[in-house]
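The values are calculated or read from the model by the stated rules, or taken from the named source; none is laboratory data. All values derive from a computational prediction rather than experimental measurement. Cβ placement follows ideal geometry from the backbone for every residue including glycine, while neighbour counts extend to all protein chains displayed.
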Amino acid sequence: MNNLRASIEILFRNICPDIIIEKYISNNPFDKTITINDFRQQAFGLLDYYSHDEIENLFNIICEDWAIDNKREDSYLYQLVYKFSKIVLTEEEGFPRIQYEHILRWRELSHRIGEDLFVCNYLAFKDIQTGRKRTNFNWRPVLDTNNTRLRNLLSKGVAENHFHLFGSAPYCELSWVALMNNIENQLPHFKKLLKEGLLEKSGNTIEVIDYHLYFLVLKAAVIRAHLFSILKSGGSVFETDYLNHLLIGKSNKNESLFLASQIPFVQNEISLLKNEYGLNFNNTGVADYAIAKSPAFLNDNNNILLSGERWFLYTVFSKLRYTESGNPLNDYNDLFYAYLLCKSKFREEMLQINTKTGFANFSKYQDRKDVFLLDIPVFTSAISGMAIRTSQINQTIRSFETRISPTSIDVISNIDKNVTQTLNDPIDRFLDKTVNQQPNHFYVIHFIKEKEKEDDNESLSLIKPRHWKLRDKIKKQAMNLIELREMSSREASRIFGVDAAANELYARPEIFATIFRYLKNHHPKVYQTEIKNYLNIKPMPRLRVTYHAGEDFLDIVDGLRAIDETIKFLELGEGDRIGHALALGIDVDEYYRFKHNYLLLSKQNLLDNYAWFLSRIAKYGLNEFMSIQALIQHEFRVLFYQIYGDVIDGNENKLQCDPVLYYQAWTLRGDDPELYITGAYQSENQDISELDFYKRCMYPNKEIRDNEIVLSYLCAYQYNDGVKTRGAENIQFEVKNDYIMAVKVIQKRMQEEVATKHIAIECNPSSNVLIGTFKRYDKHPIVNFFNLGLVNDINKQNDCKQLMVSINTDDQGVFNTYLENEYALMAKALEKAKDDDGKHIYNHAMIHDWLERVRQMGIEMSFRETLD
């Protein structure tokens, strides 16, 4: 089956659409859609373990066996898709589902190419065999499995504890529909999209230049309108010669001049199709001309925006299935194939499909997700509803924590309205109104980590600490939230926690420490309890804290230090959580092997890691690592003088190197740096406002704050421009075996500390597999955090610190997943996991027992303590 999947990926993702369009226009009966040369050129990159002869043999198998259609008695490209689909898909109660046995294979291939290609192909071919005519195309954006036992387990209720609202709608699919209906004035959006170049290089045979993707999308819109018109009326929108002129040539600004000049005319034809055939959504406009004005389905319209494209794919597959005479689509096989390839090229730029690690790669997809939707009201009004409402209807979510940015607080009421309001009133009256009640849906505000920008005024660096602009920004945002809580506003009453998200390499926990301590301890004072009760004002919920830490790091030590900073500086404790925390449970040996034992990071980061590493060795009494301790102390000294060598202390002497005192200065970074702007500690006696009480972290003692050398280290770190500049220089660090062994021990001891404090971990399997350095679900750290019910070995149970964990989706729209799928992917991956002897590691029944415990823990971790 691996060769089958690889062949489908080559043929429906890696082939250049322009080649297929050229063959369509040439209309040469001897020119095959795909030749051995077309296939071989792409296969070498994906199947590098095959020789020329083996690849040619595979191509022959495709043509002579896999893609053969007995009814047609010839090779038929879409039969190849059906061969895969009929193995991995099934149908229950009229809706498609994934065969649980094949969910990992399905995930790998459908994530790269798109689910609808396979689902519409499967249903079209199946319906032809059974003589059915399908009218409902409203299945969920991401299919679930047919695992009845798992579905029954999850039907008892799950918690979604890590769900970013504006990353969770099916943006790629919505963007495609939007572009197929609105092609005018899109070039600026594509320029923005491609500012940093294509994110995925899949090996096109034609050079990718001059907005290649833009012209491919334009061609796809032309093809779709043309084929749709034939399906609906039997006649074409464009005359053959005109159509060929629109499509001919390479997709770039040099050879697609005619297409570019005809955009207004093509848009006019599309608008006529929208007016004649398309459904108007509550007068916000026609989203897609392929969505019928009188849809035949009444059960649920949350996915209706996806139904037009699905209808189009399904209908074309149905028409192309046989070659009866008189079939108006017989001559457009290649054209439809080119359309699918164009769509695939667009998809790989909108969803994280590539295998690059790190948050920065993901953030590029995250930043471009809605660029084609913002100007179209029918789509913007549907985004939050599709993200939340469809998740609630399709899954039994007892605690739904939705994360939004501080700038979205004022629109919480609008979000709630979009969640409870369906897209189309005529259909709404048929819906079960119970889904409109959302007692367990609430919000968490995630402040955004941002990269520090250089000061325009160089003198500011002498009086302003690191990240002072971000500090001021989050302070203003926090005070706005405080004001809303003091006013007992409805929006504030729906907020149960705070978080800090985005690239953690940009800003460390110290930046958020003061504000988060203040927010988690805030109690509104404006109304007395009696007055609140009289006015029927609900009390403001206590704000809980979670924080993205240990997700993306330049060394496991760097990630562990970030987690330690989060706990210490934000004063996390009972009921608080950490998002991801991969560094806390990732396989240490595999991580450093993946990095080839060489790391690249800034000198400041490495120096801080050294100080923290040495403090852990001392704290845990790891005497067996004296040799690596001595080496790190030497490296620390060399690096310290490179960064801090010219710094003068309070006594006008050069700052001396002392790892212990340097670490103590590190513990003060959780304080507001304004307390040390004079070079001396400003005591509690100077506190004026309520916020002042939280400018000091509880962790360091007064003796540390009064130590002049410690304060010299701290002030140099925060305010010395030379230290900042030299510390930002990058350096290569070679990892030694003793270092790796010590990291493994430190990681385990830190797990124990987190477990003791009852701090929970939010795990996001698909997100972590795509962003992290491990690429298998069974390698996810969640099995190292918690294994009760999963293993029988009492020693393995005792060795595991049994942290509280939950399974979540993170950005389900960007990662193309659902909460139920995350459970299913983890379950199947654990079932397939084998040891070095080829024996299965985990038992099927025990996996379900483990999932049940994780499910229950997720609910117990909810920031909303009382669940209805």
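Can you list the helices (runs of 4 or more DSSP H) found entirely within the range 533-621 that contain at least 1 residues being at positive phi and touching a residue at least 24 places away in the same chain (Cβ under 8 Å)?
On the way: elements: 556-569, 588-594, 603-619.
Filter on the range 533-621 gives an empty set.
Given the criterion closer than 20 Å to Asn730 by Cβ and within 22 Å of the chain's Cα centre (by Cα), identify the matching residue among Phe613, Phe553. Write out each step before concluding.
On the way: Phe613 fails: within 22 Å of the chain's Cα centre (by Cα).
Phe553 is the lone residue from the list that is closer than 20 Å to Asn730 by Cβ and within 22 Å of the chain's Cα centre (by Cα).
Exactly one condition in (1) within 31 Å of the chain's Cα centre (by Cα); (2) part of a helix (DSSP H, G or I); (3) among the small types (Gly, Ala, Ser) is false for Gly722; which is it?
(1)
Looking at this structure, is Ser110 farther than 24 Å from Asp811 by Cβ, in the same structural domain as Tyr337 (by TED's automatic domain parsing) and either in contact with a His (Cβ under 9 Å, 6 or more places away or on another chain) or of a type in the set (Gly, Ala, Ser) (or both)?
No; evaluated as a whole, the condition is false for this residue.
Do we find a residue being touching a strand residue (DSSP E or B) at 6+ places or on another chain (Cβ under 8 Å) and more than 22 Å from Phe785 (Cα to Cα) anywhere in the range 577-597?
Yes: one or more hits.
Does any residue of the range 38-60 turn out to be among the acidic types (Asp, Glu), part of a loop (DSSP other than H, G, I, E, B) and either modelled with pLDDT under 85 or surrounded by fewer than 17 Cβ atoms within 10 Å (Cβ to Cβ) (or both)?
Yes, the range 38-60 has at least one match.
Residues of the range 102-134 being out of contact with any helix residue (DSSP H, G or I) (no Cβ under 9 Å at 6 or more places or on another chain) and outside any helix (DSSP H, G or I), which ones? Please lay out each step first, then the result.
As a first pass, look at the range 102-134 and keep what is out of contact with any helix residue (DSSP H, G or I) (no Cβ under 9 Å at 6 or more places or on another chain): 129-131.
Listed by number, the list holds a single entry, Gly131.
Give the residues of the range 622-647 that are more than 16 Å from Tyr739 (Cβ to Cβ) and either buried (at least 16 other Cβ atoms within 10 Å of the Cβ) or touching a residue at least 12 places away in the same chain (Cβ under 8 Å) (or both), sorted by residue number.
Listed by number, the residues that qualify are Arg637, Phe640, Tyr641, Gln642, Ile643, Tyr644, Asp646, Val647.
Answer yes if at least one residue in the range 321-336 is modelled with pLDDT of 85 or more and of a type in the set (Lys, Arg), and no otherwise.
Of all residues in the range 321-336, those modelled with pLDDT of 85 or more come to 332-336.
Subset that is of a type in the set (Lys, Arg): none.
For the range 321-336, residues modelled with pLDDT of 85 or more and of a type in the set (Lys, Arg): absent.
Can you tell me how many residues within the range 145-168 are of a type outside the set (S, T, N, Q) and either part of a helix (DSSP H, G or I) or in the same structural domain as Thr390 (by TED's automatic domain parsing) (or both)? Explain how you work it out, then say what you get.
Within the range 145-168, the first condition is being of a type outside the set (S, T, N, Q), and the residues that meet it are 149-151, 153-154, 156-160, 162-167.
Right, trim to either part of a helix (DSSP H, G or I) or in the same structural domain as Thr390 (by TED's automatic domain parsing) (or both) and you get 149-151, 153-154, 165-167.
Going through the range 145-168 one residue at a time, the tally reaches 8.
It is to be established whether one or more residues within the range 15-24 are modelled with pLDDT of 85 or more and either surrounded by fewer than 16 Cβ atoms within 10 Å (Cβ to Cβ) or within 22 Å of Leu104 (Cα to Cα) (or both). Spell out how you get there, then give the answer.
Taking the range 15-24 first, the residues modelled with pLDDT of 85 or more are 15-24.
Pick out the ones that are also either surrounded by fewer than 16 Cβ atoms within 10 Å (Cβ to Cβ) or within 22 Å of Leu104 (Cα to Cα) (or both) and you get none.
No, the range 15-24 contains no residue that is modelled with pLDDT of 85 or more and either surrounded by fewer than 16 Cβ atoms within 10 Å (Cβ to Cβ) or within 22 Å of Leu104 (Cα to Cα) (or both).
Condition first: surrounded by 18 or more Cβ atoms within 10 Å (Cβ to Cβ) and closer than 21 Å to Lys779 by Cβ. Now tell me which residues in the range 92-101 satisfy that.
Within the range 92-101, Tyr100 is the sole residue that qualifies.
If only one of Asn784, Asn768 is assigned to a helix (DSSP H, G or I), in contact with a His (Cβ under 9 Å, 6 or more places away or on another chain) and in contact (Cβ under 8 Å) with a residue 40 or more places away in the chain, which one is it? Before the answer, list the steps.
Details: Asn784 fails: in contact with a His (Cβ under 9 Å, 6 or more places away or on another chain).
Answer to the check: Asn768.
Quickly run through the range 109-148 and pick out the residues that are of a type in the set (Val, Ile, Thr), without any contact (Cβ under 8 Å) to a residue 60 or more places away in the chain and over 15 Å from Ser318 (Cβ atoms). Outline the logic, then answer.
As a first pass, look at the range 109-148 and keep what is of a type in the set (Val, Ile, Thr): 113, 119, 128, 130, 135, 142, 145, 148.
Subset that is without any contact (Cβ under 8 Å) to a residue 60 or more places away in the chain: 130, 148.
Of everything in the range 109-148, just one residue is of a type in the set (Val, Ile, Thr), without any contact (Cβ under 8 Å) to a residue 60 or more places away in the chain and over 15 Å from Ser318 (Cβ atoms), namely Thr148.
Are any of the residues in the range 757-764 in the same structural domain as Glu684 (by TED's automatic domain parsing), at pLDDT 95 or above and under 29 Å from Gly579 (Cα atoms)?
Going residue by residue through the range 757-764, those that are in the same structural domain as Glu684 (by TED's automatic domain parsing) are none.
Looking for residues that are in the same structural domain as Glu684 (by TED's automatic domain parsing), at pLDDT 95 or above and under 29 Å from Gly579 (Cα atoms), one finds none in the range 757-764, hence no.
Could you list all residues from the range 650-678 that are under 21 Å from Thr725 (Cα atoms), touching a Phe, Trp or Tyr at 6+ places or on another chain (Cβ under 9 Å) and part of a loop (DSSP other than H, G, I, E, B)?
Once the filter is applied, which keeps residues that are under 21 Å from Thr725 (Cα atoms), touching a Phe, Trp or Tyr at 6+ places or on another chain (Cβ under 9 Å) and part of a loop (DSSP other than H, G, I, E, B), the range 650-678 yields Leu655, Cys657, Ile677.
Given the conditions (1) surrounded by 24 or more Cβ atoms within 10 Å (Cβ to Cβ); (2) in contact with a strand residue (DSSP E or B) (Cβ under 9 Å, 6 or more places away or on another chain); (3) among the aliphatic types (A, V, I, L, M), report the number of the one that Ile556 does not fulfil.
(2)
Right, Glu831: at pLDDT 95 or above and touching a Pro at 6+ places or on another chain (Cβ under 6 Å) or not? Lay out the reasoning, then the answer.
On the way: at pLDDT 95 or above: yes; touching a Pro at 6+ places or on another chain (Cβ under 6 Å): no.
Here the answer is no, as Glu831 does not meet what is asked.
Of these, Ile841, Ile859, Ile847, which one is more than 25 Å from Gly573 (Cα to Cα) and surrounded by fewer than 20 Cβ atoms within 10 Å (Cβ to Cβ)? Before the answer, list the steps.
Numbers: Ile859 fails: more than 25 Å from Gly573 (Cα to Cα); Ile847 fails: surrounded by fewer than 20 Cβ atoms within 10 Å (Cβ to Cβ).
Just one listed residue meets the conditions, Ile841.
Would you mind telling me which numbered condition in (1) at pLDDT 95 or above; (2) surrounded by 19 or more Cβ atoms within 10 Å (Cβ to Cβ); (3) over 16 Å from the mean Cα position of the chain (by Cα) Arg864 fails?
(1)
Quickly run through the range 673-693 and pick out the residues that are farther than 22 Å from Tyr719 by Cβ and among the hydrophobic types (A, V, I, L, M, F, W, C).
Ile688, Phe693 - these are the residues of the range 673-693 that are farther than 22 Å from Tyr719 by Cβ and among the hydrophobic types (A, V, I, L, M, F, W, C).
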